[in-house]
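Everything below concerns the one structure shown next.
Values quoted throughout were computed directly from the atomic coordinates according to the rules given, and no laboratory measurement underlies them. Remember, predicted model here, so these are calculated numbers, not experimental data. Backbone-built Cβ (ideal geometry, glycine too); neighbour counts: all protein chains shown.
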Amino acid sequence: MYLDPLRVTQLNSRPAGPGPVLYWMSRDQRVRDNWALLFAAELAAERNAPLEVAFCLSRRFLGASAIHYSFMLGGLARVERDLESRGIGFQVLEGEPAGEVASLARRLRAGAVVCDFDPLRIKRRWRAAAARGLDVVLFEVDAHNIVPCRYVSQKQEYAAFTLRPKLHSALPGFLREFPVLAGPRVAAGDVGRTEWEALTERYSGGAAPATAPGESAGLDALRDFVDGRLKGYAENSSDPNSEAESGLSPYLHFGQLSAQRAALEVMGADAPAAAKEAFLEQLIVRRELSDNFCLYNSRYDSFAGFPDWARRTLDAHRDDPREYIYGFRQLEAGRTHDELWNAAQLQMVATGKMHNYLRIYWAKKILEWTRSPEDAVKYAIKLNDRYELDGRDPNGYVGVAWSIGGVHDRGWRERKIFGTIRYMSLEGCRRKFDVDAYVRRVDEQASRAAVDASS
Ligand code: FO1
C-alpha cells in the first residue's frame, strides 16, 4: 500500500467486490501525481481487475462560462489519451453525477469506486448522493492537498498562524516523490473515444482560453516559473507590473497540475530561500487554509460565514453613507470612478486573470461601493466565478471572505463602512507600484484585443 491511509476516507459501508475499480475523477484532472488514481490502481492490482476512469460533466457548474469548459475539456482530452496508452479506460458522463456514476458502476460491475476530495458544497452533495446510490464501497482520496485536509485539522482554523505549525510538522511525512503509476495487468474494455469536438462545441461553442490547457502545459508553466520568475517572487509579488506571479493557478484549480509536484520542483530549484518560502507559503499554507475554511465552514461564500468580530463591525457601519454606489452591471463593465479598479476588472474579463495584490484591492472596493456587505460578497463571487479562469475554487471564496469579511485576518483602525476590516486605498497602491503604468498596459492590451477581434 504505497498510499498513505491518512489520505483515504471511506464514505459508505457497502462491500468491496472483485470487479473492476472505477475512479470518478472530478477535482484532480490529471494522470501523473494523482493520489486518487494511484489508490484506484492499487485496488485494481490487488483484484487483478481492470481500472476505469470517468468524469461527469455538469452544465453551468457554479456559473462557469464557455472559456472554463474549453480549458477543462482541453485538459480532459489529453487525460483520455494518456490513460488509454496505459490500458486504463476513460469516459465522459453527462448529467447528475451521483446517478451517472452509480449506473456506470453497475454496468461495469465495479467492485469499488474512488473519488477525489473537494470541500465545496456542491461536491459534498454529489459525494453523499453517490455514497448512498452505490451498491459498492466508495473511497474518497485527498489528491489536491499535500497534507490531507481532513487529517491536518478537524476544525475551522482561525488563521494561517494556527494552521502553519500543524502543516509544517506534518509535511515531512507527506511532501515526498510520487510512486510511478503502474498500468493495470488487465486492460480495460474498449468504450470507444469521446467525441471531443462535439462536446467542446456544446459546452464552449468554440471559445478558446488564452492559457494553454492540460497536464503537460501545466508542467511547462511550472518549469518556466521555476527557471524564471521564481527568483524574484519574494520582492515582486505585490507589484502587478512585475509579472512575477507563477501563473499556475488555473492548472492547480482544474487539478491539471499537482501542488505537491510544484512544491517538489520549487524546493529543488536554484533560487533564493526567501523566494521559495514566499511561494511555498502561498502554495501550501494559504491553499490548504482555504480548503480547511470551505470544509469546516458551510457558509464559506456568504456574510454569515464571517467571524463574529467582522459581522459586528460591518453591522455597526451598515448605515454609513456610501460616496459611490455601483450595481452589478457597472462593476462588470468596469465603469466606476476608479481607473485602477476598472483596469483590474477589464484585465480579468479579457484574460481570465487578475494579479493577487489587485484581487484584494478589487474585492475591498466592492465592499466600499455597494449597499451592503451581503451585496458585496454576492457581486465579488459572481464576478470572480464568471471571469477568473481559477474561479469556483476554495481559494477564490476565501480571497473574497478575507478581503470583505476579515476571515483569517484581524481588526485594524476603525473607519466608515469598513469598521475595523482592513482598508486599502488607491494612494496606498500608488505607494506600492506604478498604477499609471499598469492602467496604461491594460488599456493597450484591451485596445489590441479589440483590434484583433475586429480584424
Ligand atoms: N467538476 C466536475 O466534476 N464536473 C464538471 O462538469 C465540472 C465543471 C467545472 C467548470 C468550471 C470549473 O472551474 C470547475 C469545474 N469542475 C467540474 C470542478 C473543478 O474541477 C473543481 O473541483 C472545483 O471547481 C474546485 O474545487
Practice problem: Report ³J(HN,Hα) in whole Hz for each residue of segment 166-171, in order, from the Karplus equation J = 6.51 cos²θ - 1.76 cosθ + 1.60 where θ = phi - 60°; Gly and Pro get x. | Solution: 5, 5, 5, 6, 8, 3
Quiz prompt | Estimated vicinal HN-Hα couplings, Hz - segment 415-423 in sequence order (Karplus 6.51, -1.76, 1.60; Gly, Pro = x) | solution = 8, 5, 6, 6, x, 9, 5, 3, 9
Quiz item: Against the longest principal axis of the chain, how steep is helix 435-454, in degrees 0 to 90 to the nearest 10, with axes from Cα atoms?
Solution: 60
Practice problem: Would you list which aspartates and glutamates come within 19 Å of Lys123, measuring only between C-alpha atoms, while excluding same-chain residues fewer than 8 positions from it? | Solution: Asp28, Glu94, Glu96, Glu100, Glu140, Asp142, Glu288, Asp291, Asp301, Asp385, Asp390, Asp393
Quiz item: In vacuo Debye scattering of the chain, one point per C-alpha: log10 I(q)/I(0) at q = 0.13 Å⁻¹?
Solution: -1.24
Practice problem: Hey, could you get me the Stokes-Einstein D for segment 5-144, Kirkwood radius over alpha-carbon pairs, 4 °C and 1.567 mPa s, rounded to whole µm² s⁻¹? | Solution: 87
Practice problem: Could you tell me which of rounded, prolate or oblate describes segment 154-200, using a ≥ b ≥ c as the square roots of the eigenvalues of the alpha-carbon gyration tensor, with rounded for a/c under 1.5 and, failing that, prolate when a/b is larger than b/c and oblate otherwise? | Solution: oblate
Practice problem: Would you mind ranking Ile360, Ile421 by Cβ crowding within 10 Å, fewest neighbours first? | Solution: Ile360, Ile421
Quiz prompt | Label point 7 Å beyond Cα of Arg86 along Cβ direction - residues of segment 206-250 with amide nitrogen under 14 Å | solution = 215-216
Quiz item: Which value, in debye to the nearest 20, gives the size of the charge dipole of the chain about its Cα centre, when Lys and Arg are +1 and Asp and Glu are -1 at the Cβ?
Solution: 1140
Quiz item: For Gln29, which sequence-distant residues (separation of 5 or more, or a different chain) have an amide H within less than 5 Å of its own amide H, given hydrogens modelled in the peptide plane?
Solution: Gly255, Gln256
Quiz item: How large is the dipole of segment 1-146 about the Cα centre if only Lys and Arg carry +1 and Asp and Glu carry -1, each at its Cβ, rounded to the nearest 20 debye?
Solution: 400
Quiz item: How do Asp116, Asp434 line up, fewest other C-beta atoms within 10 Å first?
Solution: Asp434, Asp116
Quiz item: Just from its helices, what would the mean residue ellipticity at 222 nm be for the chain, if runs of 4 or more DSSP H residues each count -39500 (n - 2.57) and the sum is divided by every residue, rounded to the nearest 500 deg cm²/dmol?
Solution: -15000 deg cm²/dmol
Quiz prompt | Cα gyration tensor, segment 184-245 - rounded (a/c under 1.5), prolate or oblate | solution = oblate
Quiz item: How far apart, in nm, are two points set 7 Å out from the Cα along the Cα-to-Cβ line at Arg124 and at Ala333?
Solution: 3.9
Quiz item: Within straight cross-link reach of Lys276, meaning Cα distance under 18 Å, which lysines are found once same-chain residues fewer than 8 apart are removed?
Solution: Lys231
Quiz item: Considering only the other residues whose Cβ falls under 14 Å of the Cβ of Ala263, what net charge follows from Lys and Arg at +1 and Asp and Glu at -1?
Solution: -1
Exercise. Provide the percentage of antiparallel DSSP beta bridges, counting only those with both residues in the chain; round to the nearest 5.
Key: 15
Quiz item: Residue farthest toward the positive end of the dipole of segment 303-454, with Cβ of Lys/Arg at +1 and Asp/Glu at -1: which of Tyr423, Leu358, Leu331?
Solution: Tyr423
Quiz item: Under a point-charge model restricted to the Cβ atoms of Lys and Arg (+1) and Asp and Glu (-1), what is the dipole moment magnitude of segment 303-454 relative to its Cα centre, in debye to the nearest 20?
Solution: 220
Quiz item: Against the longest principal axis of the chain, how steep is helix 215-227, in degrees 0 to 90 to the nearest 10, with axes from Cα atoms?
Solution: 50
Quiz item: From the backbone phi of segment 238-249, what are the Karplus-calculated ³J(HN,Hα) couplings (6.51 cos²θ - 1.76 cosθ + 1.60, θ = phi - 60°) in whole Hz, Gly and Pro given as x?
Solution: 10, 10, x, 8, 8, 6, 8, 5, 6, x, 8, 4
Quiz item: Considering only Pro272, Val400, Thr211, whose Cα is most displaced toward the positive end of the charge dipole of the chain, charges sitting on Cβ of Lys, Arg (+1) and Asp, Glu (-1)?
Solution: Val400
Self-check item: 0 to 90° range, to nearest 10: angle between helix 121-133 axis and the chain longest Cα axis
Solution: 20
Self-check item: Percent RCO, i.e. relative contact order, over segment 292-394, from Cα pairs under 8 Å lying at least 6 residues apart
Solution: 28
Quiz item: Of Asn236, Ala259, Ala128, which is farthest along the charge dipole of the chain in the positive direction, counting Lys and Arg as +1 and Asp and Glu as -1 at C-beta?
Solution: Ala128
Quiz item: Does segment 109-184 come out rounded, prolate or oblate, given a ≥ b ≥ c as the square roots of the eigenvalues of its C-alpha gyration tensor, rounded meaning a/c under 1.5 and, failing that, prolate meaning a/b above b/c?
Solution: oblate
